[in-house]
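Colleague: Okay, handing you the structure first.
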Amino acid sequence: MYSNRLLAGLPVPAIVTAMPLPMAVSPVRGGFPSPAEDFAVTRIDLARKLTQHSLCTFILRLSGDSMEGAGIFDGDLLVVDKYLKPIHGDIVIAELDGEFTCKRLHIRNGQFMLRPENPTYPDIRPKDGQSIEVWGVVTSAVKLFRTE
């Protein structure tokens, strides 16, 4: 049921259950490997790490390229917390005339706009009669490189 909602671009509640996975204590280098490193293992619970307010946290799949400058790409899963009060600079999910959009919240002098992180898209400034509501704050993005 939830996978159909996610595929349709609708929010899916983040059902938080313990999910401890092994994690190397030492970070993995992106440059040249160091064979001398010791790989001690600890456990990390991804559900706990990705959610602060589990009853108010949802997962959405991003569609489009307007947030690429923030490192968020088409198909990424967004972890969205509806409990958090959005502040200037947050990446948010906003409902704009009944449609969800992901943008960076820009607030100055009591005015706000939604800014894409791709220069080919315009800023979104509320117009008279337009309905814009910040729905939640994006706290993280999950990238899937292989699904099988």
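Colleague: For L144, tell me the accessible area in Å² from a 1.4 Å probe, rounded to the nearest 10.
Modeller: Answer for L144: close to 90 Å² accessible.
Colleague: What does the accessible area of F100 come to, in Å² to the nearest 10, when a probe of 1.4 Å is used?
Modeller: Per-residue accessible area (F100): approximately 80 Å².
Colleague: Give me the net charge for the shell around I124: Cβ to Cβ below 10 angstrom, other residues only, Lys and Arg +1, Asp and Glu -1.
Modeller: Neighbourhood net charge equals +3.
Colleague: May I ask you to rank E148, E95, E133 by accessible area, largest first, using a 1.4 Å probe over the protein chains only? Walk me through the intermediate numbers first.
Modeller: Details: E148 180, E95 60, E133 110 Å².
Putting E148, E95, E133 in descending order of accessible area: E148, E133, E95.
Colleague: Would you work out the relative contact order for the range 37-148, in percent, from Cα pairs under 8 angstrom that are 6 or more residues apart?
Modeller: Contact order relative to length: 27 percent.
Colleague: Right, another one. Calculate one ³J(HN,Hα) per residue across the range 55-60 by plugging θ = phi - 60° into the Karplus curve 6.51 cos²θ - 1.76 cosθ + 1.60, and present them in order as whole Hz with x for glycine and proline.
Modeller: 6, 10, 10, 10, 10, 10
The values are calculated or read from the model by the stated rules, or taken from the named source; none is laboratory data. Since this is a predicted model, take the numbers as computed values, not measurements. Here the Cβ is made from the backbone with ideal geometry for all residues, glycine too, and neighbour counts use every protein chain on show. What goes into the accessible areas is simple: the full protein's heavy atoms, side chains included, and nothing from ligands, DNA or RNA. Shrake-Rupley method; radii C 1.70, N 1.55, O 1.52, S 1.80 Å.
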